[in-house]
């Protein structure tokens, strides 16, 4: 006998949680499709030489390699031929480069699949987790206008998920780098300074300031202060975002380019009707120190800042330089849904989802079986999800089962009701009961299901 | 520069095919949920010792093992710790045994995920493919009534997929084994005889008869003839199925048990309103020589018999004997969707799916951008999937893009229409154009989308 168990670092759900999770996936997908993004799925494994174009880095150490029994027996020196994807960006780059001549650009794709990382086992760290990504990829160029659609999608997704108030934080790498330039911090040192400023939340202002003016950096005290003040800038509302940008004063051409794009983006968000409570500028946000080159986005739940960013991304210059000579600039975001679901469940925000089953057709005795089967089929044809009780049990047990399973309605056809061509319906959500003619049952259940 | 490419044996789709594939997945899921099945997802990898309970078999040689970079470097003698699932049945067994005390029985689950097999590379053979499974698992016992729901689900799935006429073939392992018993063929030889009868399609009757009466089997000629006649039995319509069963004559208790269950199942299918053209008995069907113990099912497309069974399964005695002492009988089916999609596409049955994007909001000049963005958002709120043209291009190119992408409608707001508070809509499916007020646009598009 072997103990049934899953490997550490995966999230496996019981049906009611799986239903809640599936609803979140469906909501995200629906919203991505609303904005005209097209579905892509890629294989779980890629050829190792294709996946690991940048070898030796942190990423590679976390990679899972895949070998068939045959390959394993043969052995060999090099890396195994296959490896599991560790994100959806490298597969996207490979996909776009491979199918470059079959795709229309700008190419708007969404992808919602699991990715794999050999993380150390730790609560809340996952070795297998869902990412839900959108990206728009241009050929040669991609207008900054596409950057403005992204926060509108984020806003629509989290409105639809209905998990509380949230804020989309906006920044621009050119604004950041231009500001550093203006303070006399050049290209190579910008990354190091950014890395320090990224620790503000963890280390606090005093510690970061001490590092910036100390050995290694040796920034002037007033420069360090200006950097910290810049990092503190947050807006509250649309007009405040614009005036905070104005208040930054004149800057280098790069700085002005970033500021102009941010202003333009804010205008587009207003045109799209994104509520101004949903977005704000936050000049401390950097995201991925060398990947992003323009707009950057993070999203936090207002009531759960400790969860950190639940949807992040930005603009990049070239998606697939390892695979094609074509220049493919893009902009995109990613939602790490497994981690988000885990945190929401911890916070009690996704518990007790209703079943995907709308109604249980009860069975009181064997004589009623064929009728119950036929009735169930009629309800299904009307669009209801129905389970039929196939073996008679005490009614109390059937009701108890439905209640525990989160099924909203139990359809009961006792002798009296049957004589009237009717059925009794227990509404377990409200603890009520009503009688309805069999002919009217499907419509009534559809109506009741709509009620909050 | 690395050549972007996928490993052999995977099916990766361009967006329009992916949309068609996703619609099939959605249809199957919706139908599974209609019948009250609950979603389960399991991790792509299982612990090797859990997955490979029966070691050394054909299955194990096709398994993909998974190792992180760290584990790979460490090496070691035994099998790697993790392996990719090769079907959804072993993960189901592990899941049910692991969560036995948290699940309600009979447990009805569906699972639609990819599975992995180290197949030899060959056209139409996949190393990664989707399986769409349903199973009902009982604790200690499971009424044969559950077996009758399964063909009703199969019928509903393939009606909804709308890929042509199909037939669900029914047989019963007890009828088969009971018939063999009656011919004096005992337990051990039954499997060998079944294996020969399974080759009827490939080898033909004469060759199989020759084997059965030849060395090794040495069956009497009349016994061989009766076996072949039995294997030839196919019904056409409900009453014919019943009379073909009657015509088999009396048999052993096991035979009679199988026949009674088949008769009962036919009655239940009629009660559920499954059209009689959709099911037939076929006494040649055996399915998995040692796994199934009761009802067995296969499904074929009437116009494409060469595709073989597109949905198969049956009743089994005990799901998870490797993981738990509890007896868990069940019944289930599986659809190999990747292979089916591949075959349907080859046959030209799933080509040219419409886009998931309903409408493109065109852009004639930069001045119209904010209006186009706002209009797009209003259409989205009404439930339409909308792409906004963000950079002005020649209208002909915008129309050409939409047409190639399979987008049905292009919304154009020229000066004249704008002056009237209206837009022009190109209906690319019909090659027509109409004008509609902006206020009425969303409803009109929703109505038009409904039209076939």
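So what is the relative contact order of the stretch A:359-450, in percent, for Cα pairs below 8 Å that sit 6 or more residues apart? Before the final figure, lay out the partial values.
Details: 137 pairs, mean separation 24.7, N = 92.
Computed value for the stretch A:359-450: 27 percent relative contact order.
Out of every Cα-Cα pair that the stretch B:145-209 contains, those further apart than 15 angstrom amount to 67 percent. Taking the empirical scaling 2.2 N^0.38 Å for compact globular proteins as reference, the protein assembly as shown has a Cα radius of gyration ratio of 1.06.
Return the Rg/Rh ratio of the stretch A:19-167 with Cα-based radii and a Kirkwood Rh. It would help to have the intermediate numbers written out before the result.
Numbers: Rg = 17.9 Å, Rh = 17.6 Å.
Here the Rg-to-Rh quotient is 1.02.
Using the number of other C-beta atoms within 10 angstrom as an exposure proxy, rank A:1, A:112, B:24 with the fewest first.
Numbers: A:1 10, A:112 20, B:24 23.
Taking fewest neighbouring Cβ atoms as first place, the list is A:1, A:112, B:24.
Note the angle between two axes, namely the Cα long axis of helix A:15-34 and the longest principal axis of the Cα atoms of chain A, as a number of degrees from 0 to 90, rounded to the nearest 10. The angle comes out near 60 degrees.
Using the alpha carbon gyration tensor of the stretch A:247-328, what are the three equivalent-ellipsoid semi-axes (square root of 5 times each eigenvalue), largest first, in whole Å?
On the way: eigenvalues 118, 76, 40 Å².
Those come to 24, 20, 14 Å.
Mind running the shape call on the stretch A:217-265? Use the C-alpha gyration tensor, a ≥ b ≥ c as the square roots of the eigenvalues: rounded below 1.5 for a/c, prolate if a/b tops b/c, oblate otherwise. The shape class here is oblate.
On average, how many beta carbons from a partner chain sit within 10 Å of the beta carbon of a residue in B:402-408? Walk me through the numbers before you get to the answer.
On the way: counts 1, 0, 1, 3, 1, 1, 0.
For this peptide, the per-residue mean of nearby foreign Cβ atoms is 1.
Express in % the proportion of alpha carbon pairs of the stretch B:165-301 at distances exceeding 23 Å. The calculated P(r) of the stretch B:165-301 puts 32 percent of pairs beyond 23 Å.
Answer rounded, prolate or oblate for the stretch A:368-421, using the Cα gyration tensor with square roots of eigenvalues a ≥ b ≥ c: rounded when a/c is under 1.5, else prolate when a/b is larger than b/c, else oblate. Oblate.
The angle between the Cα long axis of helix B:337-346 and the longest principal axis of the Cα atoms of chain B comes to about 70 degrees, rounded to the nearest 10.
Relative to the longest principal axis of chain B, what angle (0 to 90°, nearest 10) does the C-alpha long axis of helix B:369-381 take? Rounded to the nearest ten degrees, it is 40. The stretch A:301-315 and the stretch A:355-379 have their alpha-carbon centroids 45 Å apart.
When you restrict to C-alpha pairs under 8 Å that are six or more residues apart and normalise by the size of the stretch A:65-170, the relative contact order lands at 20 percent.
Normalised radius of gyration (Cα atoms, divided by 2.2 N^0.38 Å) for the stretch A:379-452: 1.06.
Before anything else, pin down the relative contact order of chain A: Cα pairs under 8 Å, at least 6 apart, normalised by residue count, whole percent. Before the final figure, lay out each step's value.
Numbers: 730 pairs, mean separation 70.9, N = 452.
Relative contact order comes out at 16 percent.
Which peptide among A:290-298, B:11-19, B:250-258 comes first, and what is the full order, when sorted by highest mean count of other Cβ atoms within 10 Å? Please report the intermediate quantities before stating the final value.
On the way: A:290-298: 20.2, B:11-19: 18.7, B:250-258: 16.3.
With the highest mean Cβ count within 10 Å placed first, the list reads A:290-298, B:11-19, B:250-258.
One-quarter of the Cα convex hull surface for the stretch A:83-173, in nm²?
Working: hull surface 33.7 nm².
Average of the hull's projected areas for the stretch A:83-173 equals 8.4 nm².
Among the residues of B:139-149, the average count of other protein chain beta-carbon atoms within 10 Å of the residue beta-carbon is 2. Comparing chain B with the 2.2 N^0.38 Å rule of thumb, its C-alpha radius of gyration ratio is 1.23 (two decimals).
Stretching residue A:234 away from residue A:53 to a fully extended chain increases their span by 61.4 nm, per 0.36 nm per residue minus the current alpha-carbon distance. Full extension of the chain segment joining residue B:123 with residue B:290 gains 57.2 nm, where the gain is 0.36 nm per residue of separation less the Cα-Cα distance.
Listed from fewest to most Cβ neighbours within 10 Å, the set B:186, A:147 follows the order B:186, A:147. Annotation for the stretch A:109-159 versus the stretch B:109-181: alpha-carbon center distance of 35 Å. Each principal axis of the Cα cloud of the stretch A:174-215 was taken in turn, and the coordinate range along them, longest first, works out to 25, 21, 14 Å. Every helix of 4 or more DSSP H residues in chain B counts as -39500 (n - 2.57), and over all residues that averages to -12000 deg cm²/dmol at 222 nm. Built from the Cα atoms of the stretch B:321-374, the convex hull projects on average onto 9.8 nm², one quarter of its surface area.
Shielding by partners for B:214-223, please: the mean number of other protein chain Cβ atoms within 10 Å of each residue's Cβ.
Values: counts 0, 0, 0, 0, 0, 0, 0, 0, 0, 0.
Partner Cβ neighbours, averaged per residue: 0.
With just the Cα atoms defining each centre, how far is the stretch B:229-275 from the stretch A:420-449? Give it in Å. The stretch B:229-275 and the stretch A:420-449 have Cα centres spaced 37 Å from each other.
Bear in mind that the values in this text are calculations on the coordinates, not laboratory data. On a predicted model such as this, the values are computed, not experimentally measured, just so you know. Reconstructed Cβ throughout: ideal geometry from the backbone, glycine too, with neighbour counts over all protein chains shown.
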